[in-house]
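Reviewing the structure listed below.
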Amino acid sequence: MENDYMPRLFDGILDFSLKTKGAVVVTGPKWCGKSRTTKRVAKTIIDLMPRQTRKNIVEYAEAAPHEFLNDGEKPMLIDEWQHISFIWDDIKAEVDNAGEFGLYILTGSVTDRESYADFSLGDRHTGNGRIVRKMMRPMTLYESGESNGKVSISDLLKGSFTPCFSRATIKDYAFYICRGGWPLAIHKDREVALQQAIDYYSVVVTDDIFSIKSIPLRHDEFKARQVMRSYARNVSIAASDQTLLSDCVSDESTFDEETFSKYLEALRYLFVIEELPAWNPNLRSKTAIRTKPTRHFVDPSIAAAALGVSPEGLFKDMTTFGFLFESLAVRDLRVYADVLGAKLYKYRDSSKREADIVMQFRDGSYALMEVKLGGDRDVEDAAAKLIAIRDDIDPEKTGRPAFLMVITKGNVALRRKDGVYVVPLGCLMP
């Protein structure tokens, strides 16, 4: 391991996956650290990023796939493997024939569907049971050392909790939102750190979004920026596609629904956006549950860059600040959920009650969480809503929540008399 490598929570996920499957496909957005993390464990590295060497590697893989896949010690890392996606079935065959685990690691910054764009889906083997897919995301506050990790979700599940403090301030959270969790930004000087998200956004709207061969889009940077800005204005909201589309239409340009849908699909392929699906528990009442997903970028800094807002600028629009703070919490909790084998959802019903985050675990247990940037009154309201939701869920069919928690920007982690935990984001860990 390199001396300057920052340990990631994904390290454990990758190590376990290599012990239990023949190959691991590591996906996720560009710049989140996939290459450095996977190179940590690989014994043979094939890097398809440099154009000057890519042609020869592709020709070798095409001409002699068996020899190519056995030309080196295992695990073999194929970085940016989508450039030789035709080799998928050969990898599956090698895994089958070897009957061993931990043979191949494939990394890519586009979804599997894009990697197979040259094939009909019926012609390739899924790899189910032999090849596992794992998504890597930008760094959490716990990984960057900005959460002290004194409140463990695992401990809360066991009923264990100790009150504690966080030193993070609201100004710190404004900076964390705009800087993001990009490894190149962590522990860098302020201006260097903030520039990383701006550069990421710029690459997406000028190049990446138009590079997906299975989603042909005419190169129009203005439209790309419109889509990203519209999405950013609706982060943490269950906005419909039509709402986003209407927000894009202006005197300067028009969008048809098909083109707009292609832009959103391209952003999903690139792991730039990642919606939070709705949670649908069994209720005692006849209250209708809303099913639209909630909009989020994979990192809130992308939204900040799309809006052109600085940490100081967030204080001029506290509503947007609140939504982006919620998105920051969602980013971290998605990673924590991956470590715990859990999934994240959002609950919202027709009575306007909501839980910003529902973390559901493998055994069916779940936790309800609200995220609040405001003060004591907002925390009080959030706790009351969580209790109301808990009391309306049918415990015989869905069970009772393992815990209720309000995530805040405050400094003190405590357990209220009603049992609701109030925890600063800067105290959380898996």
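The values are calculated or read from the model by the stated rules, or taken from the named source; none is laboratory data. Keep in mind it's a predicted model, so treat the numbers as computed, not measured. All Cβ positions, glycine included, derive from the backbone under ideal geometry; neighbour counts span all protein chains shown.
A few comments on the model shown:
- LYS352 out of contact with any Cys (no Cβ under 7 Å at 6 or more places or on another chain), charged (D, E, K, R) and at pLDDT 95 or above: no
- Within the set ARG225, ARG233, the sole residue that is under 24 Å from SER109 (Cα atoms) and either in the same structural domain as ALA306 (by TED's automatic domain parsing) or buried (at least 20 other Cβ atoms within 10 Å of the Cβ) (or both) turns out to be ARG225.
- Taking first residues from segment 125-147 that are modelled with pLDDT of 95 or more and partners that are of a type in the set (Asp, Glu), the Cβ contacts under 6 Å between residues at least 6 apart in sequence or on separate chains come to PRO138/ASP299; THR140/ASP332; LEU141/ASP332.
- Some residue of segment 8-19 being surrounded by 12 or more Cβ atoms within 10 Å (Cβ to Cβ), farther than 29 Å from GLY181 by Cβ and within 26 Å of the chain's Cα centre (by Cα): no
Matching residues to (1) assigned by TED's automatic domain parsing to the domain that holds ARG331; (2) in contact with a strand residue (DSSP E or B) (Cβ under 9 Å, 6 or more places away or on another chain); (3) at positive phi; (4) not polar (S, T, N, Q):
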residue	(1), (2), (3), (4)
TYR5	no, no, no, yes
PHE16	no, no, no, yes
GLY22	no, yes, no, yes
GLY28	no, yes, yes, yes
LYS39	no, yes, no, yes
ASP47	no, yes, no, yes
PRO50	no, no, no, yes
LYS55	no, no, no, yes
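- Residues that are in contact with an Asp or Glu (Cβ under 9 Å, 6 or more places away or on another chain) and part of a strand (DSSP E or B) within segment 129-140 comprise ARG133, LYS134, MET135, listed in sequence order.
- Exactly one residue out of ILE273, ILE289, ILE215 is among the aliphatic types (A, V, I, L, M) and at pLDDT below 95: that is ILE215.
Yes/no matrix, rows are residues, columns are (1) surrounded by fewer than 22 Cβ atoms within 10 Å (Cβ to Cβ); (2) touching a strand residue (DSSP E or B) at 6+ places or on another chain (Cβ under 9 Å); (3) at pLDDT 95 or above:
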residue	(1), (2), (3)
ILE387	yes, yes, yes
ASP392	yes, yes, yes
ARG400	yes, yes, yes
ALA413	no, yes, yes
LYS417	yes, no, yes
CYS427	no, yes, yes
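- Unique match (being over 30 Å from ILE198 (Cα atoms) and of a type in the set (Lys, Arg)) among LYS39, LYS30, LYS55, LYS34: LYS55
- The helices (runs of 4 or more DSSP H) falling completely within segment 24-98 that include 2 or more residues that are surrounded by fewer than 16 Cβ atoms within 10 Å (Cβ to Cβ) map to 51-63, 65-69, 88-98.
- Here VAL151 fulfils each of the conditions (1) surrounded by fewer than 21 Cβ atoms within 10 Å (Cβ to Cβ); (2) modelled with pLDDT of 95 or more apart from (1).
- Count of residues meeting criterion [among the small types (Gly, Ala, Ser) and in contact (Cβ under 8 Å) with a residue 60 or more places away in the chain] in segment 411-430: 2
- A count restricted to segment 178-195 and to residues that are crowded, with 23+ Cβ neighbours inside 10 Å and under 15 Å from LEU307 (Cα atoms) stands at 3.
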